[in-house]
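K.L.:
Quick one: the structure is below, questions incoming.
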């Protein structure tokens, strides 16, 4: 689908701390809203509840945005700030057409004090390949092929995403993997096991900077949409309202699935840094065996991981 | 009986300013600055008169301008019985007459056995007549079906989309094509669906969910819920649970469902089908608390979704004895391992 792109007047705070969600541990991410809206139209996407317009809003006043990023990096103390552009849109899907990330990637390469994560489901880094630097992290959301075919219909197939990640590793860039959302449907355990095997076969897991896991969660508005669209995959499990008001799988189920995937990933590479996105401390502990109770603690884990892979370069 | 009844008088009573008012006042009406409903109408010099009209000369089946639902209104009936018809009906000068406004007054008059009703008869095109009808009703809070009827008729009469969107705004709806589509579907639903929506004071979320069922399912859902009193959120949750049952089980076997007389019991019944694990946890909690037989001054509260990994234990005491009794019962509660069992339910590590 070719949604119209509307260049929007760039004003206000486009660089922000991830709002997180009440009573759940946030990773302390910072978001840069270059675009608002996405042409990939995944069925479960949170943007369906947030953004209503038929167009994609584009903020292309580069100097304005870079000034905000620069200010935030300079003001940030005590840890390595991590920025991403994939919060309200896909980082790579529009890059060939708009080229919005090039100045950002170059800026982070010069600044050398923070990381920029390009988070995507669109398997193409060619438009930025020539300027990639160690301060850019290329990340892909990953899901079994059956989910990609049914719920992420306009995205790139998983094998192509993995191929691009491999290419990024060959270019000397660290990569990130995001199992988010993890969807429970009949046979999902087997499909995820195969996906993890494929990842381990394709990538150098020692050069994966981070792996996130987040089971499907969504706002109440999306629950009605899923029901009306008869999304069997998305509504297969048992959902409850979490403390933040969002629908989530029942806690016992979340723990079971996190533990299963965490163990499988760790069995491939014991040093992998795996974190949970927006989860409760008790789920962290039961699902991963790691005791994390606050955002600050999780940020420290990120710092330790970055220090281990980057040494003194950051 | 013939009574002089200039339109400006009708308007001032109702607080409206529809097109005929402009005409009666001789104001210029062909003006691009005017709202769309005034465009294209011509000034009219004629003074319209109220007259008593035989009900038999009115086509009561012609509802093309009717935006009232339901037509039966007990308060209006009682009022007409006591005070008579104080406000004339507005009819088109067709043979038989078509009603523009006053459908509910006409219905009540028939129930009262009246044979004549006070009316104003005038000539206007159908679009103007519909706008007059909508304008006449819009000052009172229209229910969702009435709003839907108004919009559906505008669509059918060939009004432009921006004119319909303007009316949607007046009715309190977001001017959106999808929303309009759903409201049109409501207007075209059978009376059973419409009556249910009005009875339950349905909002747009309810409509959206109800339209998620097929026509046949809708009838079954309405029959299943009957006249049960539900809050807005209970109705929404029951619709959602029924849609979820259909999604998970392929169909809803209403004939196998027990007849339940309250919304909470119905929710519980449906939840057992859609959330068996959660229902199992709830069952275990209930059984453990029942077996513990804690005195009424002791409360043990667990998060309804077993998300929070703690329990709230409270003691309500009016004297020292109450506290001593409570502590003793809690001691037993701990010694017998029942508190531990409940805490395990909240940890999320419990397996059925």
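Every number here is computed from the coordinates shown, using simple stated rules; none is lab data. Keep in mind it's a predicted model, so treat the numbers as computed, not measured. FYI the Cβ positions are ideal-geometry reconstructions off the backbone, even for glycines, and counts take in every protein chain you see.
K.L.:
When the chain is fully extended, how far beyond the present Cα-Cα distance does residue A:263 get from residue A:170, taking 0.36 nm per residue of separation? Display every interim value, and only then the final one.
P.N.:
Working: separation 93, 0.36 × 93 = 33.48 nm, distance 2.70 nm.
Length gained, residue A:263 through residue A:170: 30.8 nm.
K.L.:
A further question on this structure: Assuming 0.36 nm per residue, please report the length gained on full extension of the stretch residue B:126 to residue B:343 beyond their Cα-Cα distance.
P.N.:
71.2 nm
K.L.:
Which residues does a label at residue B:310 reach in the range A:287-313, if reach means a backbone N under 16 Å from a point 7 Å past the Cα toward the Cβ?
P.N.:
Label zone hits: A:293-294.
K.L.:
Now, a different point. Subtracting the Cα-Cα distance from 0.36 nm times the residue separation, let me have the gained length for residue A:189 to residue A:110 in nm, one decimal.
P.N.:
24.1 nm
K.L.:
Is it possible to state the helix-based mean residue ellipticity at 222 nm for chain B, with each DSSP H run of 4+ residues giving -39500 (n - 2.57), the sum divided by total residues, to the nearest 500 deg cm²/dmol? What is it? Mind dumping the intermediate values first?
P.N.:
On the way: 16 runs with 180 residues, N = 352.
Result for chain B, helices only: -15500 deg cm²/dmol.
K.L.:
Right, next: Take the alpha-carbon centre of the range A:242-313, take the same for the range A:128-144, and report the distance between them in whole Å.
P.N.:
21 Å
K.L.:
Once you put a point 7 Å from the Cα of residue B:297 and another 7 Å from the Cα of residue B:272, both along the Cβ direction, what distance in nm separates them?
P.N.:
With each label point 7 Å from Cα toward Cβ, the separation is 3.6 nm.
K.L.:
What shape does the range A:5-309 have by the C-alpha gyration tensor, where a ≥ b ≥ c are the square roots of the eigenvalues, rounded means a/c under 1.5, and otherwise prolate means a/b greater than b/c and oblate the rest? All intermediate terms of the calculation are to be shown ahead of the outcome.
P.N.:
Numbers: a/c = 1.36, a/b = 1.21, b/c = 1.12.
Taking the square roots of the gyration eigenvalues as a ≥ b ≥ c, the range A:5-309 is rounded.
K.L.:
Report the Cα centroid-to-centroid distance between the range B:93-114 and the range A:152-229 in angstrom, as an integer.
P.N.:
Their Cα centres are 66 Å away from one another.
K.L.:
Mind checking which of B:295, B:175, B:258 has the largest fluctuation in a GNM of chain B, springs on alpha carbons under 10 Å?
P.N.:
B:295
K.L.:
Set the Förster radius R0 to 60 Å, insert the Cβ-Cβ distance between residue B:324 and residue B:93 as r into 1/(1 + (r/R0)^6), and round the FRET efficiency to 0.05. Spell out each step's value before the answer.
P.N.:
Details: r = 87 Å, r/R0 = 1.46.
The pair residue B:324/residue B:93 has a calculated efficiency of 0.10.
K.L.:
Which angle between 0 and 90 degrees, to the nearest 10, do you get for helix B:161-170 versus the longest principal axis of chain B when only C-alpha atoms count?
P.N.:
The answer is roughly 60 degrees.
K.L.:
Take the alpha carbon gyration tensor of the protein assembly as shown, find the square roots of its eigenvalues, order them as a ≥ b ≥ c, and report rounded if a/c is under 1.5; if not, report prolate when a/b exceeds b/c, else oblate.
P.N.:
Details: a/c = 2.73, a/b = 1.58, b/c = 1.73.
Note, shape of the protein assembly as shown comes out oblate.
K.L.:
Please report, to two decimal places, log10 I(q)/I(0) for the range B:283-347 at q = 0.14, 0.16 Å⁻¹ as given by the Debye formula with identical point scatterers on the Cα atoms and no solvent.
P.N.:
So the normalised log intensities work out to -0.40, -0.51.
K.L.:
If you don't mind, there's one more thing I want to ask. At q = 0.10, 0.11, 0.15 Å⁻¹, what base-10 log of I(q)/I(0) does the Debye formula yield for chain B when every alpha carbon is treated as an equal point scatterer in vacuo?
P.N.:
So the normalised log intensities are -0.77, -0.85, -1.25.
K.L.:
Roughly how tilted is helix B:126-138, in degrees to the nearest 10 and between 0 and 90, from the longest Cα axis of chain B?
P.N.:
Computed tilt is about 50 degrees.
K.L.:
Ranking A:90, A:60 by Cβ neighbours within 10 Å, fewest first, what do you get?
P.N.:
Ranking A:90, A:60 by Cβ neighbours within 10 Å, fewest first, gives A:60, A:90.
K.L.:
Compute the FRET efficiency between residue B:140 and residue B:59 as 1/(1 + (r/R0)^6), taking r as their Cβ-Cβ distance and R0 = 30 Å, and round to the nearest 0.05.
P.N.:
0.75
K.L.:
Compute the angle between helix B:320-335 and the longest alpha-carbon principal axis of chain B, please, reported from 0 to 90 degrees and rounded to the nearest 10.
P.N.:
70 degrees
K.L.:
Given the C-alpha centroids of the range B:49-88 and the range A:19-77, what is the distance between them in whole angstrom?
P.N.:
Going from one Cα centre to the other spans 58 Å.
K.L.:
Calculate, for residue B:216 and residue A:291, the FRET efficiency according to 1/(1 + (r/R0)^6) with r their C-beta to C-beta distance and R0 51 Å; round to the nearest 0.05.
P.N.:
According to the calculation, E is roughly 0.40.
K.L.:
Could you grab the relative contact order for the range B:107-246? Cα pairs under 8 Å, six or more apart, rounded to a whole percent.
P.N.:
Relative contact order for the range B:107-246 comes out at 21 percent.
K.L.:
I'd like the antiparallel share, as a percent to the nearest 5, of DSSP beta bridges with both residues in the protein assembly as shown. Walk me through the numbers on the way to the answer.
P.N.:
Numbers: 27 of 58 bridges.
Among the beta bridges of the protein assembly as shown, antiparallel pairing accounts for roughly 45 percent.
K.L.:
I would also like to ask the following. Over chain B, with a Gaussian network built from C-alpha contacts below 10 Å, which listed residue (B:326, B:148, B:133) shows the highest mean-square fluctuation?
P.N.:
Highest fluctuation among the options: B:326.
K.L.:
Considering every pair of different Cα atoms, what Kirkwood radius, in Å, is found for the range B:189-274?
P.N.:
12.9 Å
K.L.:
Do you know the relative contact order of chain B, to the nearest whole percent, from alpha carbon pairs under 8 angstrom that are 6+ apart?
P.N.:
Relative CO of chain B lands at 10 percent.
K.L.:
Would you calculate, for chain A, the mean residue ellipticity at 222 nm contributed by helices, counting each DSSP H stretch of 4 or more residues as -39,500 (n - 2.57) and dividing by all residues, to the nearest 500?
P.N.:
Values: 11 runs with 119 residues, N = 314.
My calculation for chain A gives -11500 deg cm²/dmol from helical runs alone.
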